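Since the structure comes first, as structure tokens, the remarks are kept for the end.
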Amino acid sequence: MRGYMHNINKTDLIQLFNFPRQRILQSMEVTHCPHAVFFNQSDEQCITCHQGEECLWINHNDEMVALEMKSVDQLKQQLLIAVDYIDSNLSPHHMSRRKCQCENCRWLRQVQMTLDGKA
Ligand SMILES: [Zn+2]
């Protein structure tokens, strides 16, 4: 019974993490991070870092994390953070977003469809 809200495929959700993971890592100034993007909660540098939010996301969702062990709700929550991130980094010429074919917009639509159970 696909197509119902409560029946979202975990594998579909997990493969959606690849794109924002790449984008976030690309955008981060990894070379300036003394911890090689390993968030350290007890380190003041990490807590006050301007890349803190992105860094936390990466640490929760990188390829080494067993995403398949997380619940669909947890995955959805993390995915929505990534949606916010990708959405806020769209370039300003995205006037007609529904027709836009850039990789950001394609990914955003894919997420929407998956969360709606239409993927
Ligand atoms: Zn676009």
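Structure notes:
- Filtered residue count, the stretch 27-45, keeping only those that are outside any loop (DSSP other than H, G, I, E, B) and closer than 15 Å to Leu56 by Cα: 4
One line per residue, one yes/no per condition, for (1) at pLDDT 85 or above; (2) surrounded by 13 or more Cβ atoms within 10 Å (Cβ to Cβ); (3) over 12 Å from the mean Cα position of the chain (by Cα); (4) farther than 14 Å from Thr114 by Cβ:
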| position | (1), (2), (3), (4) |
| --- | --- |
| Leu16 | yes, yes, no, no |
| Asn59 | yes, yes, no, yes |
| Val65 | no, yes, yes, yes |
| Lys76 | yes, yes, no, no |
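- Qualifying residue in the stretch 84-91 (condition: within 16 Å of the ligand (Cβ to nearest atom) and over 26 Å from Leu13 (Cβ atoms)): yes
- Residue check for Val65: over 30 Å from Pro34 (Cα atoms) and more than 16 Å from the ligand (Cβ to nearest atom): no
The values are calculated or read from the model by the stated rules, or taken from the named source; none is laboratory data. Note that the coordinates shown come from a computational prediction; the quantities given were computed from them, not determined experimentally. When we count neighbours, we look across all protein chains shown, and the Cβ atoms used for this are built from the backbone with ideal geometry, even at glycine.
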